[in-house]
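The values are calculated or read from the model by the stated rules, or taken from the named source; none is laboratory data. If you're wondering where the values come from, they're calculated on a predicted model, not measured in any experiment. Glycine gets a Cβ as well: all are built from the backbone with ideal geometry, and neighbour counts include every protein chain shown.
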Amino acid sequence: MELIFLGTGAGLPSKERNVSSVALTLLQEQNNIWLFDCGEATQHQILRTSIKPKKINKIFITHLHGDHIFGLPGLLSSRSFQGGEELLTIYGPHGIKEYVNTSLQLSGTHLTYPINIVELSEGKLFENDQFVVETKHLDHGLPSFGFRIIEKDKPGELLVSKLKEIGIKPGPIYKQIKENTKIKLSNGQYIYRKDFLGEDKKGRVISILGDTRFTHVNSNFVKNSDVLVHEATFGGALEDLAEKYYHTTTEQAARLAKASNCSKLILTHISSRYQSEDIENLIDEARRIFPNTEIANDFTHINL
């Protein structure tokens, strides 16, 4: 599982930062990639990575401001030319269905794969055998959502020494024991998986918030996240400006991460007023409150 930041700027692209998009690669877990937001030129950014658009099977749109959606029609079209055949599901606020359908219709774009468009409401978005995804409505100028991705706990390691103690030698049977609740041995004895596994491996939790004002109301939603990805449009001295434009500062995001017992904070959606020489100061502001903080650059990779 890995986060790849494709665009980390706010509002408009700059020479150093494209507009918002981040990929969550689940190639080992599900052989798929989930994309969160798709700002202008996201598909150009993808060309500079190992991401294959046909592997993207879910796109989550936090809100409908242009710096988060203007790259979507182009990516959908290009996915057809690049071998995409599998279903793609798009999740976004009310209006995303009209935006996508109108863009495709007016441009005469015909996709080679089916799409499913789901308009968001707060609560559990979906659940499969490995993940639960939840959403929360945020405080922004347009309806904006945060996403909490919860990986389900995994079975622990097989206790090989314990199996050997009862005379079960290594072989295909080990795989059978791990994959089945119980199995029957050739001598008629039943082996129960729960008796030969270590403690479950705790699943990881990632929270990705769309554009939002700072509020402690979000604390429960991101609580105990292994990684919190949070916008930090402005530096700590500009809280009034952040409040006016429905955004968050570096220090406010750090306070939320600390109060919510998160393990790591990744700041993104950085205003173009800040140049490369300003970034260390922005990081320092946040780290004084929450030490395990990074500011993502375009093409930053975070392994989980």
task: Among the numbered conditions (1) in contact with a Leu (Cβ under 8 Å, 6 or more places away or on another chain); (2) within 19 Å of Ile150 (Cα to Cα); (3) of a type in the set (S, T, N, Q), tell me where Ser225 comes up short.
output: (1)
Tally, over region 65-94, of residues that are touching a Leu at 6+ places or on another chain (Cβ under 7 Å) and surrounded by fewer than 17 Cβ atoms within 10 Å (Cβ to Cβ): 1
- prompt: Failed condition for Leu106, given (1) surrounded by 13 or more Cβ atoms within 10 Å (Cβ to Cβ); (2) aliphatic (A, V, I, L, M); (3) assigned by TED's automatic domain parsing to the domain that holds Val222, with all others met?
  reply: (1)
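Taking Glu122 as the residue in question, decide whether it is in the same structural domain as Phe81 (by TED's automatic domain parsing), touching a strand residue (DSSP E or B) at 6+ places or on another chain (Cβ under 6 Å) and not β-branched (Val, Ile, Thr).
Numbers: in the same structural domain as Phe81 (by TED's automatic domain parsing): yes; touching a strand residue (DSSP E or B) at 6+ places or on another chain (Cβ under 6 Å): yes; not β-branched (Val, Ile, Thr): yes.
So Glu122 fits the description; yes.
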query: Could you list, in sequence order, the residues of region 122-173 that are under 18 Å from Phe36 (Cβ atoms) and among the polar types (S, T, N, Q)?
result: Asn128, Gln130, Thr135, Ser144
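Confirm whether Leu64 is at pLDDT 95 or above and in a strand (DSSP E or B). First the steps, then the outcome.
Values: at pLDDT 95 or above: yes; in a strand (DSSP E or B): no.
Criteria not met by Leu64.
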query: Which one of these is touching a residue at least 12 places away in the same chain (Cβ under 8 Å), surrounded by fewer than 24 Cβ atoms within 10 Å (Cβ to Cβ) and assigned to a loop (DSSP other than H, G, I, E, B): Asn281, Asn297?
result: Asn297
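Each row is one residue, and each column tells you yes or no for (1) assigned by TED's automatic domain parsing to the domain that holds Glu277; (2) in a loop (DSSP other than H, G, I, E, B); (3) touching a His at 6+ places or on another chain (Cβ under 9 Å); (4) more than 15 Å from Phe131 (Cα to Cα).
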| position | (1), (2), (3), (4) |
| --- | --- |
| Lys15 | yes, yes, no, yes |
| Leu24 | yes, no, no, no |
| Ile33 | yes, no, no, no |
| Glu40 | yes, yes, no, yes |
| Gln45 | yes, no, no, yes |
| Lys58 | yes, no, no, no |
message: Condition check: within 23 Å of Trp34 (Cβ to Cβ) and part of a loop (DSSP other than H, G, I, E, B). Does Leu111 satisfy that?
response: yes
